[in-house]
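Each remark here refers to the structure printed beneath this line.
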Amino acid sequence: MAEPPLLYNLNNGLSDLMTRMKAGIPGAHTGLVVLLVLLVAGFSLFIPNFASVGTLQSFMYQLPLLGLLSLAMMAPLITGGLNLAIIATTNQCALLMAFIMQSLITPDSSAGSAAAVIVLALVAGLALCLLIGLATGTLIAYTGVHPILITLGTKSLIDGISIYLTRGMALSGIPDGFARIGTMTIVGVPLIFLLLIVVAVIVSIILRRTAFGVACAMIGSNIEAARYSAIDTRRVLVGVYVMSSLICFFAALVMLATFNSASADYAQSYLLVTILAAVLGGVDPFGGFGTAGGLMLALAILQVISSGFNQFGLSNYLTVAIWGGTLIFVAMAQTARPYLMGLLPSRFDGSK
Amino acid sequence: MHEDSQMAAGSSFLVQLRRRPEAWLLAVIAVVVIVFSLTARDFLTLANIIDLLETYSVQAIMAMGLFVVLVSGGIDISFAATASVAQYCAALLATQLGFPAPVVILCGLAIGVALGCLNALLVHYVRITSIIATIAMMSVSFSLLMYFSGGKSIYTLPDWWTNRVVFWRMETASGDIVRVTLPIVAMAVVTLFTWAWMTRSSVGRQLYAMGGNAEAARRVGMNIGRLQFVAYGYLGLMAAIAGLLQAHRVGESVPNAMYNTELAVLSAAVLGGASLTGGIGTVPGVLLGIVLLAVLQNGLNLLGVSSYFFQIVIGVTILVSTSITVISSRPGRRHRIIAGAPSNG
Amino acid sequence: MSDDVPFLRLTGLSKRFGGVRALEEIDWDVRPGEIHCLVGENGCGKSTLIKTVAGVHPPSAGTIEIEGKPVLPLDPAGAKALGIQVIFQDLSLFPNLSVAENIAVENHLDRLLKPVSWKRMRESASAVLARLGFTLDLDLVVSDLSVAERQIVAIARGLVAEARLIFMDEPTASLTRTEVDRLLGIVGRLKADGIAVVFVSHRLDEVVEIAERVTVMRDGRKVGTWPADQVNEKRIAHLMTGLDIDHSIVARDMGKAEPVLEVSGLSRRGEFADIDFTLRRGEVLGISGLLGSGRTELALTLFGMHRAEHGSIRLEGRQLALRSNRDAVRAGIAYVSEDRLSLGVILQQSIGDNIMLAVMRGMANRLGLIPGNARRQLADDWVRRLAIKVPSADRAVQTLSGGNQQRVVLAKWLATRPKVLILDSPTVGVDIKNKQGIYDVVADLARQGVAVILISDEVSELFATCDRILHMRAGRIVGEAVPGEITEANMKERIYA
């Protein structure tokens, strides 16, 4: 007689479903791809030249900042945590780099010294992100306080320092060379987009093919069991927040190249969008599952919606509302799937 | 074993107290108050205190609603958006359609409750985890509000809404006038009601139970769905009240005035001991959380410290206090095997 | 009502889930005030039966009668009203609420709009505790209680609800002997009040000792019901599985083998003291003792998760300074935790990933990447070697049965090539057929020269696998025995003395 499969309901049907999706790996992303194709096709009906190179190009210019920030959010999500401070970190890093470049590069600096200052700025930015990541990760790993609270604290702290030092004003004075990077293309593909792809690929490889990455997923699913299995959970947690902050460094680069300035206030509204994108892309909000590929697809979907509605002349606000609506719609579809496919009785153990 | 439980109970009131975050919070507040009263002029004056109460009344009311949701085991960060939407819609009804006060207020409250129930629907029926669901709802609500309002404030609110309502006034020795106004009274009423409700009514206790162990609650026969609608609906109601009061205080309805205040309110609730996992927290604790943040901001203000610095202080406070409360409440017991008394073994 | 009318009677009860037949034509009865044990392997239908009687599942066929009256259709509230209470193994308590509130929680359900009367709740809670002959501080928060105390609270809650029949799922699983005795005392009081108790238990020796009647289930059917004095463990095991499980003694004299692990004077305040023993290559050393004797704490210290305060551990002559379990694994010590579900496996992740958990760092190439084929090969290899029944190592561990899950845990640790393998209650919740499989694995390992420490509560298990058995009590080693030189019955006497 067949044994009924054991279902350990973690109190949330969505998590359950995602687990089952991951277990039967092919098809996990098909839904997203289908949605993407449908959206592009749909918009093309109403907007001439929607699926054109021009749109693709503008898309490739707009995506990298949000994309990098979403990657920075995804890594901690996989361990079952969250990094609410990514925007704050990115802004502060950009501010630091802008400050260095602004103060040390004068109109009559030689190209060589300008380059040297840029390098100095980059190193400083990297070091700052590293420091923030280490501090955050250490606090989370060693105090056991929920990451939402710790990163709420670090976000306030970092934002506070940024605002305090700049009095809320933006810093500009980025050298032209830098600004040019923001628009440079290789074979028609913007450099910043390539940067996004490279970072996404590296993150993907780390998460799927290294012991560290596998440990992240394990910790996300069951940190105690991971600890008992001789995984250094503390080190991995510190590592994940360091990784998150380092990705923020790249986001800061893109921000400087795109906006030509830095401020404590930029991109604050993106915070929630990054979580949205991650969850849409299949990252399990409870931890343990998620791929960079899925995230990229989700971002593509969000970006297509945004571009499409933009071309309709719809306000930005409406776009965000639609993004929220998309998430809800996808979640409903995922919840409804087993009913539609008749795979399961409505609640297996019948407890109501 | 019997001696174990005796030991645990008798094992001093102080040890028990040490484990309660409210106690720590009170201590911290006391220290902060002492420091400020010594260094900042006019800190510990009645006028200042009443003023502080009024300024933070709106956040306190929202915190009470959030507290209920946290205790029930969920989380909701869309309440500021709900407050804004309820406020703006009520403002529209009052100014564009000229509805009378009772209708406007009722509609505002109803919108708040409806948005709260929408959250509950997403969490219970669509089975989306609460933080994601409410993030989505927040995005949708705020964005739609900004879109339909065009970002424009409504200045022409009717007098009944914006006229100051004074319950008690007095003149202090130094000539200041101290007024206890509507927001303060509303905050007091809401706080008392929430406290009574959560500690003395069966629905409140069921919420605590559900937060502690939802599966057990289900098995015992509690209606989980209904409880979630109650919790999120209550937060929606509180948000609406807060929104209406906010417009009352400032005299206009600004769509994005309450943007980004969620995290501050969440911090206050968590500082006060409400657990993110559910089932734990008290109204006095949340109140203390708000008090701490209020006192910090006010004290720094009076000291002439730039308000930009306040963010830094909040950040450090959250980090330090949450670390302390988690570390201090860890039982850290070893299995007492050799001592002779059988234990958890 | 005459004494002959059973309190609960099932006739022809069947339950199907889709195509799966969970219960097949069950005829069963429970007498008022009876102490009845329900046994059967995992998956035999015990929990489905309980849930059906509790109104959680509507039966597909058959009738349920309570005190002679048919009660179908039945829902959970209805079952409760008729006096049926189920205490699941997790006890369904609210850890954040007080003892009084947990016991009297029913109160909250009746009085929707009226205020809660704390006084009434406390009165009803203390009345019920008094009935059980127990005192407990009503204001203690349940998360501060021990497992035994929590169980009392769960039972008390059942009584407040005026139970007439209480189902208890594995009630003795985490109790010390004294606590078991206390529980039995309570069950006796319940019986005196005319309340029937149905135990579900895997501990066959306890079943025989406690029950008045025993019902054995297998594959969704009832094999039969017997008075407890007419059956013994062996017979029950045979009835549960249809197999003849005969454990012969395998103890060998390992005195000549070289020592692998030498522990001397090991102490950790409050947990264990003066532990001295030597483990030899290829030996299987058992550690027996009641729950609370310090065995798991000792194992955790040997595994590097706790630090000993005194004494030393030498592995192959070298003194070990273990700062974490990573050091232990590197040295060649592995530990299979007794809590398989929350500490042994990571249920939601794949079998392959679970298996490579402890060795993945060593599998990385120079770039830090784990080659895909090495990963697959490791998983497939171990699935084959330990005969884990699964079509693909990509499946999540939670889709496996308890016995197969335990094999995944074993695979994970065996992949680290341990010199010493510590098994802590490895066959709890594993059905009899799989138990034997695990014993075979242990014997195999011993033959290959791995030294094994087996911690277990089941004396027959220790006798079937070990060369020597150490007996621990209150944190100290109080005796040593060789299976064969002493009988199982004598061993049990020593342990329970």
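The values are calculated or read from the model by the stated rules, or taken from the named source; none is laboratory data. For clarity, every value in this text was computed on a predicted model and none was experimentally measured. No Cβ is skipped: glycine too gets one built from the backbone with ideal geometry, and neighbour counts run over all protein chains shown.
Assorted remarks:
- Filtered residues of the range C:362-415 (kept if within 9 Å of another protein chain (Cβ to nearest Cβ), β-branched (Val, Ile, Thr) and outside any helix (DSSP H, G or I)): C:Ile370
- C:Lys119 more than 8 Å from every other protein chain (Cβ to nearest Cβ), closer than 29 Å to B:Gly204 by Cβ and of a type outside the set (A, V, I, L, M, F, W, C): yes
Residues checked against (1) within 24 Å of the chain's Cα centre (by Cα); (2) assigned to a helix (DSSP H, G or I):
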{"residue": "B:Ala86", "(1), (2)": "yes, yes"}
{"residue": "B:Gly98", "(1), (2)": "no, no"}
{"residue": "B:Leu106", "(1), (2)": "yes, yes"}
{"residue": "B:Leu121", "(1), (2)": "yes, yes"}
{"residue": "B:Ile128", "(1), (2)": "yes, no"}
{"residue": "B:Ser141", "(1), (2)": "yes, yes"}
{"residue": "B:Leu145", "(1), (2)": "yes, yes"}
{"residue": "B:Lys152", "(1), (2)": "no, no"}
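- Test: residue in the range C:224-231 that is surrounded by 21 or more Cβ atoms within 10 Å (Cβ to Cβ) and outside any loop (DSSP other than H, G, I, E, B): no
- Options A:Gly160, A:Gly137, A:Gly153: the member that is buried (at least 19 other Cβ atoms within 10 Å of the Cβ), under 18 Å from A:Leu84 (Cα atoms) and modelled with pLDDT of 90 or more: A:Gly137
- Within the set C:Gly344, C:Gly362, C:Gly289, C:Gly265, the sole residue that is more than 24 Å from C:Leu410 (Cα to Cα), at pLDDT below 95 and either crowded, with 22+ Cβ neighbours inside 10 Å or out of contact with any helix residue (DSSP H, G or I) (no Cβ under 7 Å at 6 or more places or on another chain) (or both) turns out to be C:Gly265.
- Remark: pairs (first residue in the range C:130-148, facing another protein chain (nearest Cβ under 9 Å); second residue among the basic types (Lys, Arg) and in a helix (DSSP H, G or I); Cβ separation under 8 Å; 6+ apart in sequence or on different chains) = C:Val142/C:Arg150; C:Ala148/C:Arg182.
- When residues of the range C:315-339 are limited to those that are among the polar types (S, T, N, Q) and touching a Phe, Trp or Tyr at 6+ places or on another chain (Cβ under 7 Å), the one farthest from C:Leu302 (Cα to Cα): C:Ser337
- Scan of the range A:158-167 for residues that are in contact (Cβ under 8 Å) with a residue 60 or more places away in the chain and facing another protein chain (nearest Cβ under 7 Å), ordered by number: A:Asp159, A:Ile161, A:Ile163
- Verdict on B:Val180 being out of contact with any helix residue (DSSP H, G or I) (no Cβ under 7 Å at 6 or more places or on another chain) and more than 14 Å from chain A (Cβ to nearest Cβ): no
- Residues satisfying the stated conditions in the range B:215-244, i.e. within 14 Å of chain C (Cβ to nearest Cβ) and either under 20 Å from the mean Cα position of the chain (by Cα) or surrounded by fewer than 20 Cβ atoms within 10 Å (Cβ to Cβ) (or both): B:Glu215, B:Arg218, B:Arg219, B:Gly221, B:Asn223, B:Ile224, B:Arg226, B:Leu227, B:Val230
- Subset of the range A:177-221 (residues that are in contact (Cβ under 8 Å) with a residue 60 or more places away in the chain, surrounded by 21 or more Cβ atoms within 10 Å (Cβ to Cβ) and out of contact with any Pro (no Cβ under 7 Å at 6 or more places or on another chain)): A:Pro190, A:Val199, A:Ala200, A:Val203, A:Leu207, A:Cys216, A:Ala217, A:Met218, A:Ile219, A:Gly220, A:Ser221
- Matching residues, the range C:316-346, being under 26 Å from A:Phe289 (Cβ atoms) and of a type in the set (Gly, Ala, Ser): C:Ser337, C:Ser342, C:Gly344
- Flag if B:Tyr155 is free of Cβ contacts under 8 Å to residues at least 12 places away in the same chain and under 30 Å from A:Ala321 (Cβ atoms): no
- Whichever residue in the range A:245-290 is aromatic (Phe, Trp, Tyr) and under 14 Å from A:Gly67 (Cβ atoms) and, among such residues, is nearest to the other protein chains (Cβ to nearest Cβ): A:Tyr270
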